[in-house]
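These notes concern the structure reproduced below.
The values are calculated or read from the model by the stated rules, or taken from the named source; none is laboratory data. Not measured: the values here are computed from a predicted model. Counting neighbours? That spans all protein chains shown, and the Cβs are built from the backbone with ideal geometry, glycine included.
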Amino acid sequence: MAGSFATRSGGRAQREFASVQVREKLKGSALGRLAAIIALGIAVVAVVVLLSGGGGDSYEITAEFENASQLVPGNEVVVGGISAGSVKKIELGDDGQALVTFTVEDDYAPLQRGTTATVRSYSLSGIANRQVQLTLPPDGESGEDIPPGGTLSQQETVSEVDLDEVFNTLDPKTVEDFKHVIQGFDISYDGVGPQANKGFKYLNPLLSTSSGLFHELSFDQKALEDLIVDGSQLSSALASRAPDIEALVGNLDVMMNAIGSQKLALADAVSKLPQFMRSADTTFVNLRAALDDVDPLVEASKPAARELQPFMANLRGATADAVPTIRDLDAIVRRSGSANDLVELTRLQVPLANIGVGSGSPDCGSDPVADFAAASDQDFSQGALGESVCSLRNGNPILANFRPYTPELVGWFNGFSGSSGTVDAEGGIGRVATTFNQFSVSAPAGIPDLTSPVTGQAQFTDTDKDQSCPGTNERPLDGADPSDDSVPFTDSGNVACDPNDLLEGP
């Protein structure tokens, strides 16, 4: 029994020991569950903190885009292809623009003015495959920092333009024509792919210069807007002249076909082009030096160019005012009809010139009277001008006979305008001579009484005054040399006159 009791006592002790172990295990298990719950709560809080942006300490700004370009919250924000943040929300602005709020990591925050945000696609296909690409300004060109919560204006953002948006602006006819253009490209490059690929190698200079060109175009926004507006007006003007443009295109087609028909000549011209370009290269090199020499002229011309500005403004007005004059002048020069404009008048000058000039240089001969009487001179082949020359030349000897009698002619003409004579302090004086035509009275005892009847003693004699020399009405001055041949004038005997045929009187 003792052994049995001992056995029972040992079993109870074992049960009690096992019960204590179970209670310890249960106690340790409750503590473990509590610790797991606490750890799980800490993890949840950490995740919430991370998802909420670290409790509001992250750098966020808002960019104004023309449109959202299929952006959705969660899209990447990249700088140089490296992820630098994400899109948080997209809202509609008061003016219809898309307000995109995104975060930027501390490595790139804060952003400076001059930064541009562009929406781009990062794959050819996909759903909402967009990202916001930030282009940071170069060193030394950045502006002030953009504070957290700041805004990039619409001038600092670029929205994505999908290709289907471009095609949606075209009408069905234009789309169909564009398809034909693409098909034409396919036909053009069919079988000439290697040659085309070789030509594409030379596109790099074109693309690089085009990039510079487009950069300059976008540099001056106002000038670009003016260009677009003017281009729109030009397109409207061209659209209003659609029939003329169609005719132009048709004529260009005919012209290109004509050029295409001259393939051999074009090929020959192209083969000579390299030699021409080599020669032109030397010319251009020399021209570069010549341009340096022209620089002083350009500098000296700048003040004159500034002064020319008001002149050109006035000239523009004068040109506008000259339009009616030019129009009238055009009507004078050329007008429909016959014998009523300057062109037809000019055509008449040819026969008029033939009439005036005749056969050429005049041949006046040596004897004017004999030549004029000759039959060969009666056809007037020398023309009106030639005959006038001969008339003046042949008339010189006749006119020369009148030259010595110039004083008499002047005195004769003067008699028609007033009394002859001179004026001195005593008044007007004149020399009076009594003449009886070509006769004078002569008698042995002097001049008889003219009131008495004429008797046989009075005789009228003809004095033959038709041989008088020039100056017979004058007398030599006292003390003058009578041999100087001045009064009367005989030109040393060359004048056909009688020097003794003088007027009666002292």
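Residue 215 falls short on exactly one of the conditions (1) surrounded by fewer than 10 Cβ atoms within 10 Å (Cβ to Cβ); (2) over 30 Å from residue 116 (Cβ atoms), and that condition is (2). For the stretch 185-204, the set of residues classified as among the aromatic types (Phe, Trp, Tyr) and either within 30 Å of residue 66 (Cα to Cα) or part of a loop (DSSP other than H, G, I, E, B) (or both) consists of 202 only.
Could you please let me know if residue 295 is in a helix (DSSP H, G or I), modelled with pLDDT of 85 or more, surrounded by 10 or more Cβ atoms within 10 Å (Cβ to Cβ) and at negative phi?
On the way: in a helix (DSSP H, G or I): yes; modelled with pLDDT of 85 or more: yes; surrounded by 10 or more Cβ atoms within 10 Å (Cβ to Cβ): no; at negative phi: yes.
No.
Where helices (runs of 4 or more DSSP H) fall entirely within the stretch 354-428, those with at least 1 residues that are modelled with pLDDT under 75 and under 30 Å from residue 487 (Cβ atoms) are at 383-402, 406-417.
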